[in-house]
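The values are calculated or read from the model by the stated rules, or taken from the named source; none is laboratory data. On a predicted model such as this, the values are computed, not experimentally measured, just so you know. Using ideal geometry, Cβ is built from the backbone for each residue, glycine included, and neighbour counts are taken over all protein chains shown. Surface areas here come from the heavy atoms of the whole protein model, side chains and all, with no ligands, DNA or RNA. Shrake-Rupley method; radii C 1.70, N 1.55, O 1.52, S 1.80 Å.
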Amino acid sequence: MGHCYDNKTIPFFYEHVGKELSQHWRTKDVLVVTLGLLVCVIVILANSLVIVAIALNRRFHQPIFYLLANLAATDLFSGLAYTYLMFHTGPRTAQLTVHTWFLRQGLIDTSLTASVTNLLAVAVERHQTVFQMQLHSNMSNQRVTFLIVCIWVTAILMGLIPQMGWNCVCDLATCSRMAPLYSRSYLVFWAISNLLIFCVMLLVYLRIFYYVQHQVQRMSQHTLHSRHKETMMNLMKTVVIILSAFVVCWTPGLVVLLLDGVGCSSCKVLALEKFFLLLAELNSLSNPLIYSFRDSEMRHTFKQVLCLRWRPRSSFTSSTNRAHILMTEVPPAPTQPDSSQGGNSLL
């Protein structure tokens, strides 16, 4: 390890790796910041609405909804982190110190890690519940709280690791191009970690998908069980939407980070850097749309909150209970043609 450059300016590190640093506001910079701030505002408002709705509606006081509320909290934090980034990017980047640059990047790393880890927790919880053919998770509030704490501790540690020493401030030869103060080895570690989480999520949801598909095929011969089939088909649609959103939003950015981390000099990793970063942030917008806005009970709560006239629907009875889109009880395939009862779902 050679001399440390803690007292150097940010332009010094950018020039070292050959990354362009704007000296004045260009049309491209204004467009990126404007679009970024617009997405941030929508992300913050949408996820705040989800948190308020879950807090107010007692019918959402179940373990899966606590995880969904925490997912909204991580995405809300992501919106705030990106807002901070938008106000400290472009020509303002040159004015940052080494410590404020690490703060800017650390907030992004923490928010994205928390969001991805929470998505994994939701996937595992749904897998357990679906395969046990339950409507509500048997996970205790204490276990959910512990899981949420673990999610945030992991995310915060991931955001602090570069500032704690895993960087290139003392070893310029290892600096990455996308994040000039980050070590390439850290980018490889961060990208592979998130890709592994993605692979686990993919396997979990694919297992749910094939299980549901198998149930639908078993039901195909029973024409009287349209409710069962509709439940299964809607759950399959939800799984496809979840996977598609995650793949579209995350895979490009993680692949580019990995390419930069392994030192691919011929790869134009800087060309689409900001676009892929914004694409990852859009996942924080798609999450409330997928997990919340497709549920009629959640939408009803949103309307009540927005109209400032929230009150619980006391007329609700167990016979009309409709479960959240991810709280579907997957019924076993019927064995008798005259059976007509099935699990309720709002898919």
(request) Kindly provide the set of residues from segment 6-28 that are modelled with pLDDT under 90, hydroxyl-bearing (S, T, Y) and in a helix (DSSP H, G or I), ordered by number. (result) T27
(request) Considering only residues that are without any contact (Cβ under 8 Å) to a residue 60 or more places away in the chain and over 17 Å from I108 (Cβ atoms), look in segment 172-198 and name the one that is surrounded by the fewest Cβ atoms within 10 Å (Cβ to Cβ). (result) A173
(message) What's the number of the only condition in (1) open to solvent by 50 Å² or more (accessible area, probe 1.4 Å); (2) in a helix (DSSP H, G or I); (3) farther than 29 Å from P288 by Cβ that F146 fails to meet?
(response) (3)
(request) Select from segment 73-95 the residues that are among the hydrophobic types (A, V, I, L, M, F, W, C) and either open to solvent by less than 20 Å² (accessible area, probe 1.4 Å) or assigned to a helix (DSSP H, G or I) (or both) and list them in ascending order. (result) A73, L76, F77, L80, A81, L85, M86, A94
(request) Provide a single number: the residues in segment 154-171 that are surrounded by fewer than 17 Cβ atoms within 10 Å (Cβ to Cβ) and in contact (Cβ under 8 Å) with a residue 60 or more places away in the chain. (result) 2
